[in-house]
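Below is one structure, written out as structure tokens; comments come after it.
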Amino acid sequence: PVSVAKFFNLPTGKDKKLAAIKVVKELIKSEKVLISPSIETFFLKQKKQDDMADSLLQAIASLEFRNNCREFMKTIELKENERIV
């Protein structure tokens, strides 16, 4: 949770929940992320939007981390059975 909060520049403490919800609502409205209308409706109707927002942001951060790892591996062009360390 702390790493995800840092990734999205979320505040700590009580303000984190509202900030996470705000980030997800901005993602829903943006054209950068494709979210189906049914998911948007589902999210907006939930009472525990903070839990859903945390889950979604964690998934996005995880995917971004994996993409960054793949790009890094391409740049160093590791050969088969070669180790980084």
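The values are calculated or read from the model by the stated rules, or taken from the named source; none is laboratory data. Just so it is clear, the structure is predicted and the values come from calculations on it, not from any experiment. Neighbour counts are summed over all protein chains in view; Cβ atoms, including those assigned to glycine, are modelled from backbone coordinates with ideal geometry. Just the protein is used for accessible areas: all its heavy atoms, side chains included, with ligands, DNA and RNA removed. Shrake-Rupley method; radii C 1.70, N 1.55, O 1.52, S 1.80 Å.
The residue that is modelled with the lowest pLDDT, counting only those in segment 8-57 that are open to solvent by less than 70 Å² (accessible area, probe 1.4 Å) and acidic (Asp, Glu), is Glu40.
Please give the helices (runs of 4 or more DSSP H) falling wholly within the chain in which 1 or more residues are in contact (Cβ under 8 Å) with a residue 40 or more places away in the chain, of a type outside the set (Val, Ile, Thr) and touching a helix residue (DSSP H, G or I) at 6+ places or on another chain (Cβ under 7 Å). Outline the logic, then answer.
On the way: elements: 2-7, 15-29, 37-45, 49-76.
In the chain, the matching helices (runs of 4 or more DSSP H) lie at 2-7, 49-76.
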